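*Asks:* Handing you a structure now.
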Amino acid sequence: MFFDDLTQFLKQAQSLSEKEAWLFAMDRDAKEEIIRLNTEDQLFDEGIDSMDRTLGAYSEVTKAIKRSKGQRTDHVTLKDTGEFYDSFKVIVDSKGFDIIADDTAFYDVPLTQTWGNDIIGLTKENIGFMAEWLKPGYVEYVFKKLHGV
C-alpha cells in the first residue's frame, strides 16, 4: 500500500511543469498588479520609466493647466485623462509576459516617441516584487498537482 501511494506521488511529481505553474500563477490579480505597478507606482507616484529614469518635470504652462484640473504637477505622470493608463494590458504566454498599451489613440504624437519605449514595463524592483507575488501561485499549483486536485 505504501509503495502504491509513493509511486502515485512520484508520477504526479514528474508531471509538474514550469510552464503550467507559470500560467497558473499568472492569474487576473497578478495581471492587474503588474498594470498597477507600471501605471500607478512607477509613472504616477514616482515619475519614472522601467529603467528607473525620471520622466522629468512639466513646463510652467503645463503645470498651470494641470493645477486647473486638480492634477499632480511635481513630476511628469503621463496621466491626463487616464485613457493611456486604462489602455494597459498584460499578455501572458508560457515564456513570460508583455505589457502593452495604446499610446497613439489619445495623443498627436505617440507617448513612446516622446518619452521612450521604457515607459511601458516594470523596473527591476517591481519585477522582484512580482516574483514574490507569484510564489504562492506556484506553491498552490504544486500542491494541487501533487495531491491530484
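The values are calculated or read from the model by the stated rules, or taken from the named source; none is laboratory data. Bear in mind the structure is a predicted one, so any value in this text is a computation, not a measurement. For neighbour counting, all protein chains shown are included, and Cβ atoms are generated from backbone atoms with ideal geometry for every residue, glycine included.
*Asks:* State whether one or more residues within region 73-81 are of a type in the set (Lys, Arg), outside any strand (DSSP E or B) and out of contact with any His (no Cβ under 6 Å at 6 or more places or on another chain). Steps first, answer last, please.
*Replies:* From region 73-81, those of a type in the set (Lys, Arg) are 79; that's our starting set.
Then drop every residue that is not outside any strand (DSSP E or B), which leaves 79.
Now narrow it down to the ones that are out of contact with any His (no Cβ under 6 Å at 6 or more places or on another chain): 79.
Among the residues of region 73-81, at least one is of a type in the set (Lys, Arg), outside any strand (DSSP E or B) and out of contact with any His (no Cβ under 6 Å at 6 or more places or on another chain), which makes the answer yes.
*Asks:* One residue is enough: does region 32-47 have a residue meeting the conditions of a type in the set (Phe, Trp, Tyr), in a helix (DSSP H, G or I) and closer than 20 Å to Glu132 by Cβ?
*Replies:* Filtering region 32-47 for residues of a type in the set (Phe, Trp, Tyr) gives 44.
Remaining after also requiring in a helix (DSSP H, G or I): 44.
If we keep only those that are closer than 20 Å to Glu132 by Cβ as well, we get none.
No, every residue in region 32-47 fails to be of a type in the set (Phe, Trp, Tyr), in a helix (DSSP H, G or I) and closer than 20 Å to Glu132 by Cβ.
*Asks:* Of these, Ile119, Ile127, Ile48, Ile65, which one is closer than 18 Å to Lys31 by Cβ and among the β-branched types (Val, Ile, Thr)?
*Replies:* Details: Ile119 fails: closer than 18 Å to Lys31 by Cβ; Ile48 fails: closer than 18 Å to Lys31 by Cβ; Ile65 fails: closer than 18 Å to Lys31 by Cβ.
Answer to the check: Ile127.
*Asks:* Return yes when Thr54 is out of contact with any Leu (no Cβ under 9 Å at 6 or more places or on another chain), closer than 16 Å to Thr114 by Cβ and loosely packed, with under 13 Cβ neighbours inside 10 Å and no when it is not. Show your work before the answer.
*Replies:* Values: out of contact with any Leu (no Cβ under 9 Å at 6 or more places or on another chain): yes; closer than 16 Å to Thr114 by Cβ: yes; loosely packed, with under 13 Cβ neighbours inside 10 Å: yes.
Yes; evaluated as a whole, the condition is true for this residue.
*Asks:* Here is a follow-up. Of the residues Lys89, Lys124, Lys79, which single one is in contact with a strand residue (DSSP E or B) (Cβ under 9 Å, 6 or more places away or on another chain) and of a type in the set (D, E, K, R)?
*Replies:* Working: Lys124 fails: in contact with a strand residue (DSSP E or B) (Cβ under 9 Å, 6 or more places away or on another chain); Lys79 fails: in contact with a strand residue (DSSP E or B) (Cβ under 9 Å, 6 or more places away or on another chain).
Lys89 is the lone residue from the list that is in contact with a strand residue (DSSP E or B) (Cβ under 9 Å, 6 or more places away or on another chain) and of a type in the set (D, E, K, R).
*Asks:* Can you name every residue in region 113-141 that is of a type in the set (A, V, I, L, M) and surrounded by 15 or more Cβ atoms within 10 Å (Cβ to Cβ)? Give the steps one after another, and end with the answer.
*Replies:* Pass one, region 113-141, residues of a type in the set (A, V, I, L, M): 119-120, 122, 127, 130-131, 134, 139.
Across region 113-141, the qualifying residues are Ile119, Ile120, Leu122, Met130, Leu134.
*Asks:* For residues that are surrounded by fewer than 16 Cβ atoms within 10 Å (Cβ to Cβ) and more than 13 Å from Met26 (Cα to Cα), scanning just region 90-106, find the one that is modelled with the highest pLDDT.
*Replies:* So the residue we want is Ile100.
*Asks:* Restricting to region 70-128, count the residues that are more than 17 Å from Arg36 (Cβ to Cβ), without any contact (Cβ under 8 Å) to a residue 24 or more places away in the chain and of a type in the set (A, V, I, L, M, F, W, C).
*Replies:* Qualifying residue count, region 70-128: 2.
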